[in-house]
Amino acid sequence: VQLVESGGGLVQPGGSLRLSCAASGVIFSPYTMDWYRQAPGKQRELVARITTGGSPHYVDSVKGRCTISRDNALNTVYLQMNSLKPEDTAVYYCNRADLGFDWGQGTQVTVSS
């Protein structure tokens, strides 16, 4: 199984990004999928979760600013991030809720003016 995250970049505060995570070598529709992030010097933390039925859940720090979605036909999970803040700067990863896949390389999000 390979997870490939993309869509990160440098954005000004208040800007938006849409992250994608594509899974190959597996059909991921049976799995709840998560987005995580790891800021420099900090532990990796859960950001958002989407269940197999499409129900989203968010940590308080991104609630109202992010939307997680999935396309099972494309084996892809997305994270739309709006109203970005400097504290959102991190490398973003996806994985199964039980961390059952190998981690991908992540995608860097940098929020800075």
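The values are calculated or read from the model by the stated rules, or taken from the named source; none is laboratory data. Owing to the predicted nature of the structure, the values given are computational and were not obtained by experimental measurement. Glycine also receives a Cβ, built like all others from the backbone with ideal geometry; neighbour counts cover every protein chain displayed. Note: areas computed on protein heavy atoms with side chains; ligands, DNA, RNA excluded. Shrake-Rupley method; radii C 1.70, N 1.55, O 1.52, S 1.80 Å.
Has the stretch 36-45 got at least one residue that is surrounded by 12 or more Cβ atoms within 10 Å (Cβ to Cβ), hydroxyl-bearing (Ser, Thr, Tyr) and free of Cβ contacts under 8 Å to residues at least 24 places away in the same chain? No. The residue list ALA73, ALA90 contains one member that is open to solvent by less than 20 Å² (accessible area, probe 1.4 Å) and out of contact with any helix residue (DSSP H, G or I) (no Cβ under 9 Å at 6 or more places or on another chain), which is ALA90. Checked against (1) in contact with a Lys or Arg (Cβ under 7 Å, 6 or more places away or on another chain); (2) free of Cβ contacts under 8 Å to residues at least 24 places away in the same chain; (3) β-branched (Val, Ile, Thr), ILE50 passes all but condition (2).
Would you pick out the residues in the stretch 18-35 that are under 11 Å from ASN72 (Cα atoms), at pLDDT below 95 and part of a strand (DSSP E or B)? The answer is ALA23, and nothing else. Looking across the stretch 99-113, the residues that are touching a residue at least 60 places away in the same chain (Cβ under 8 Å), open to solvent by 30 Å² or more (accessible area, probe 1.4 Å) and under 20 Å from GLN43 (Cβ atoms) come down to GLY100, ASP102, TRP103, GLN105, GLN108, THR110. Within the option set GLY15, GLY41, being of a type outside the set (A, V, I, L, M, F, W, C), assigned to a loop (DSSP other than H, G, I, E, B), out of contact with any Pro (no Cβ under 9 Å at 6 or more places or on another chain) and at positive phi holds for one residue only, GLY41. Among residues of the stretch 1-24 being touching a strand residue (DSSP E or B) at 6+ places or on another chain (Cβ under 6 Å) and more than 27 Å from LYS85 (Cα to Cα), the one that is least open to solvent (accessible area, probe 1.4 Å) is ALA23.
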